[in-house]
Amino acid sequence: MRLRGSTCLRVAILAVAILAIGAAHSQPAEAAENEGKLGVLALPNVFFMPETGFGAGFMAMLTKPLPATQDGMALADSLRAGGSYTQNGQLSGWTSLELFLGRSRARFGVDASISRYPSRFFGVGPSAASDEVYVPFMGSASASLSFRVAEAIRVGPRFRFAASRTLDRESGGILATSGLRGNEGYLATGLGFTATYDSRDSSITPTKGAFFDLGYTASPGALGSGEDFGLACLDARTYLAPFSALNMVLALQARAELSFGDAPFQELPRIGGDRLMRGFYDGRYRDSCAAALQAELRLPLWWRFGVTAFGGLAQVAPGIAAFDLSDPKVSGGVGIRVRLDDTTNANMRVDIAWADGGPQFYFNFAEAF
């Protein structure tokens, strides 16, 4: 779905108006005053992405702020839940629990979601040229327990379960005729680990520090998976202040994903979406390996408003040795930010990005990375 001309202008005006209303109703709060107090928040959520069209839903959150860690990181126990319905008929619900134990030396997290999410499938590989619609019904759940082993470093095990069933697909398309793994759905049960270094000043809107996360999950048939496969991911981010007098932030991200064995197509590393290579439809390119580099320059302007400029390079390949770095996928764009909360500096964002063709429009909460 592409926005052009007056349609794009009308959407942009509507989004900016909603941003301004949200900013006007936000209230500052001192973190120290909230420490140990139970916070309750419930609010509607309105968004727009190429994959969904307009969407609306809700989010509810219970939080209990904790004393800051020795390295200054602000932490909070939280229980979150939400749901949404979109213009393209996508229905989803999710919940997330995060607890910090033993004076924040251990973190326990649980995430679960369920969705009926009509999507587009373009094929596999860096030259994928198909475009067909399919309708999956999917549920997933994961649990992790990480331990603080050094300043800003946590490691620990992770469990993941995912199940998907294809409810509908095009009769003459690749999913119906090629025998691609996962074309009718899949089941995956996996065990793995995560290792994280996080020195950011905020996990919501960071302005300095770094974040490195390395994870691997194996989903063998012995655990009940329909296919034997594994997934590895490295996500590295850093936040710099090239012109500190302007409060400007330069955010950089490098992300690499590898799949091993017989992964269903839904689990293959991919690029696209509102967080990785904006401008490309989520899953526009997918294969056994994917790598991306992104940069975003964030500049506060006045009151709660700011602007951004961003760009990225990415590629997918059937193996590490097969990466074609001479012809990467390229995307870029500009955006507007409005700060909604003075405690967390959480933003709402309006982005316009260019990649394959015309402009793609994104309206959502929080930074892309």
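We did not get these values from a lab; they are worked out from the coordinates using the rules stated. Here the structure is a predicted model, which means the values were calculated and not measured. Glycine gets a Cβ as well: all are built from the backbone with ideal geometry, and neighbour counts include every protein chain shown.
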So how do TRP302, TRP94 line up by other beta-carbon neighbours within 10 Å, fewest first? TRP302, TRP94
Starting at 0 and stepping by 20 Å, how many percent of the alpha carbon pairs of segment 5-365 end up in each bin? 25, 63, 12, 0
Which ³J(HN,Hα) values in Hz, rounded to whole numbers, follow from the phi angles of segment 131-140 under the Karplus curve 6.51 cos²θ - 1.76 cosθ + 1.60, where θ = phi - 60° and Gly and Pro get x? 7, 9, 9, 9, 10, x, 10, 9, x, 8
Per-residue ellipticity at 222 nm attributable to helices in the chain (runs of n ≥ 4 DSSP H, -39500 (n - 2.57) apiece, nearest 500 deg cm²/dmol) works out to -2000 deg cm²/dmol
Can you grab the distance from the C-alpha centre of segment 238-270 to the C-alpha centre of segment 116-162, Å, no decimals? 15 Å
Mind listing the phi-derived Karplus ³J(HN,Hα) values for segment 165-174, rounded to whole Hz, using 6.51, -1.76 and 1.60 with θ = phi - 60°, and x for any glycine or proline? 9, 7, 7, 7, 7, 6, 4, x, x, 4
What is the Rg over Rh value, at two decimals, for segment 82-239, using alpha-carbon atoms and the Kirkwood definition of Rh? 1.03
Evaluate the charge dipole of the chain about its Cα centre and quote only its size in Debye, nearest 20, assuming +1 on the Cβ of each Lys and Arg and -1 on the Cβ of each Asp and Glu. 540 debye
Return the whole-Å distance between the Cα centroid of segment 217-237 and the Cα centroid of segment 291-369. 28 Å
Ascending count of other beta-carbon atoms within 10 Å, so fewest first, for GLU170, GLU296: GLU170, GLU296
For segment 281-328, build the charge dipole from Cβ charges (+1 Lys, Arg; -1 Asp, Glu) around the Cα centre, then report which of GLY306, ALA291, ILE320 sits farthest towards its positive end. GLY306
Amide H contacts under 5 Å for THR207, restricted to residues at least 5 apart in sequence or on another chain and with H modeled in the peptide plane, are ASP201, SER202
What list do you get for CYS233, CYS289 if you sort them by fewest beta carbons within 10 Å? CYS233, CYS289
Pull out the extension gain between ALA222 and LEU180, defined as 0.36 nm times the separation in residues minus the alpha carbon to alpha carbon distance; nm, one decimal. 12.9 nm
Work out how far the C-alpha atoms of segment 77-148 reach from end to end along every principal axis, then list the three figures in whole Å, largest first. 52, 30, 15
